[in-house]
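A short worksheet on the structure shown next.
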Amino acid sequence: MPVAASAIYFLNLRGDVLINRLYRDDVGGNMVDAFRMHIMQTKELGTCPVRQIGGCSFFYMRISNVYIVIVVSSNANVACAFKFVVEAVSLFKSYFGGAFDEDAIRNNFVLIYELLDEIMDFGYPQNLSPEILKLYITQEGVRSPFSSKPADKPVPNATLQVTGAVGWRREGLVYKKNEVFLDIVESVNLLMSSKGSVLRCDVTGKILMKCFLSGMPDLKLGLNDKIGLEKESQLKNRPTKSGKTIELDDVTFHQCVNLTRFNSEKTVSFVPPDGEFELMKYRITEGVNLPFRVLPTIKELGRTRMEVNVKVKSVFGAKMFALGVVIKIPVPKQTAKTSFQVTSGRAKYNASIDCLVWKIRKFPGQTEPTMSAEVELISTMAEKKSWTRPPIQMEFQVPMFTASGLRVRFLKVWEKSGYNTVEWVRYITKAGSYEIRC
């Protein structure tokens with residue numbers, strides 16, 4: 001937080017102070033009375049989590065049956081404050097066996113005070129990693145009798161990890177087989193008109209990794225993003241290679257990524273955590289390769305009949321295929337009977353969601369299956385209201401395909417012992433909000 005927190009309070013639902021810690025002397029010890037009187041007693045807790053009273057700001061959040069209140073005397077970063085609360089609660093849960101409530105606080109007063117002194121210094125957030133704090137705060141909390149979470153094993157070399165730059169990975173890891181698994185998972189968000197023109201489209205993606213590597217390896221990941229390829233060409237004094245390049249927007253990295261090297265070389269360099277983690281997230285708004293195009297035709301024949309014709313074309317390569325494809329075509333609530341003809345998969349009427357549901361278990365690329373349906377409606381004496389057609393929705397998963405065109409150019413692993421590694425790369429594209437107006 002650019003401006004430090006002055007105090008933190010833990011209150012129960014009645015407003016009683018369970019535990020508190022004053023970090024600065026710019027607020028009085030009775031500030032909790034102002035919170036209790038002006039917010040809790042006026043039943044305004046659910047309106048806004050940020051309130052200003054008498055020159056002080058109160059940031060509060062309810063977790064189970066406990067209110068956590070942060071008091072600051074001047075303008076502060078609210079998002080940082082709430083992020084601190086969320087991370088602190090996760091830390092407490094790791095000590096208390098997964099529970100965080102009034103009973104857990106009453107049973108762990110001494111431990112909580114010790115943790116509050118470590119995770120915030122003079123009002124500024126510090127290290128909140130449970131893995132590192134447990135290396136030198138070894139006291140075990142009073143665990144909830146209802147918790148089934150096993151106690152975490154202590155990890156050696158506390159001093160090295162607390163003072164070193166790599167707090168997310170411990171030393172001394174040894175694997176018989178050194179492997180790296182990398183998944184690029186993308187979700188396509190689309191709104192398409194009934195004539196096939198794209199009204200809105202973007203892709204949100206993430207790179208997931210699972211590392212089983214010995215020692216303290218240094219990894220370097222190269223993608224076909226535009227900035228990275230241009231920077232590589234400048235460093236090597238040669239023209240940029242031809243081929244599709246991707247412009248990544250809104251990129252966020254895991255804390256293990258070396259941002260200094262990324263800013264200078266535009267390559268993703270990092271010492272990975274052990275096991276599974278999310279390396280980065282990104283968004284793409286231009287040059288999206290849509291996996292499917294849907295062309296619907298819906299005709300209302302009088303008051304009691306409808307004809308529905310839907311053609312779905314897979315745009316990806318003929319050697320690829322999609323799995324779990326589901327197309328939901330909305331129909332009026334007064335639907336009485338349906339009959340179908342499909343060239344692939346199965347279709348049925350689902351009355352609970354007022355949709356014709358067409359399912360194709362395995363959808364090959366470069367194919368155009370169709371579905372035709374006749375819908376009979378219940379005739380009513382009341383004046384017919386115009387039916388507002390909701391959009392058609394799709395669900396799918398396409399392995400080894402990325403809607404953005406993002407590809408891994410290289411994944412290099414270096415470790416001082418020089419062992420060999422096996423790298424596995426997989427691409428998956430899923431449907432986010434994939435809708436077609438009809």
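Here the range 7-134 is treated with +1 on each Lys and Arg Cβ and -1 on each Asp and Glu Cβ, and its dipole about the Cα centre works out to around 380 debye.
Can you show me the helix-derived [θ] at 222 nm for the chain, built from DSSP H runs with n ≥ 4 at -39,500 (n - 2.57) apiece and divided by the number of residues, rounded to the nearest 500. Walk me through the numbers before you get to the answer.
On the way: 8 runs with 71 residues, N = 438.
Value at 222 nm, helices only: -4500 deg cm²/dmol.
Multiplying the residue separation of GLU276 and ASP26 by 0.36 nm and removing their Cα-Cα distance gives an extension gain of 85.7 nm.
The range 1-39: which trypsin sites (Lys or Arg not before Pro) are DSSP loop and have at most 10 other beta-carbon atoms within 10 angstrom? Walk me through the numbers on the way to the answer.
Values: sites: ARG14, ARG21, ARG24, ARG36; in loops: ARG14, ARG24.
Listed in order of number, the matching sites are ARG14.
Which one, LYS359, LYS337, LYS313, has the greatest fluctuation when you compute a Gaussian network model over the chain with C-alpha springs under 10 angstrom? For the chain, modelled as a Gaussian network with Cα springs under 10 Å, the answer is LYS337. Ranking SER94, THR380, TYR9 by how far each Cα lies toward the positive end of the dipole of the chain (charges on Cβ) leaves THR380 at the top. A DSSP coil position with no more than 14 other Cβ atoms inside 10 Å describes the following GluC sites (Glu not before Pro) in the range 357-421: GLU383. Centre-to-centre, using Cα atoms only, the range 62-92 and the range 400-419 are separated by 38 Å.
Per residue, how much accessible area does the range 186-227 have with a 1.4 Å probe, in Å²? Write down the numbers at each step before the final one.
Numbers: 1540 Å² over 42 residues.
For the range 186-227, the per-residue accessible area is 37 Å².
Helix 226-236 versus the longest principal axis of the chain: what angle, 0 to 90°, nearest 10, using Cα atoms? The two axes meet at around 70 degrees.
Around VAL413, what is the net charge, scoring Lys/Arg as +1 and Asp/Glu as -1 over all other residues with Cβ under 9 Å from its Cβ? Taking every Cβ under 9 Å from that of VAL413, the sum is -1. In terms of distances greater than 32 angstrom between alpha carbons, the cross-link table entries LYS83/LYS328; LYS206/LYS337; LYS210/LYS430; LYS176/LYS359; LYS311/LYS337 yield LYS83/LYS328; LYS206/LYS337; LYS176/LYS359.
The values are calculated or read from the model by the stated rules, or taken from the named source; none is laboratory data. In this text the structure is predicted, and so the values were computed from the model without any measurement. Please note: Cβ atoms are built from the backbone with ideal geometry, for glycine as well, and neighbour counts cover all protein chains shown. Keep in mind that these areas ignore ligands, DNA and RNA; they rest on the heavy atoms of the full protein, side chains included. Shrake-Rupley method; radii C 1.70, N 1.55, O 1.52, S 1.80 Å.
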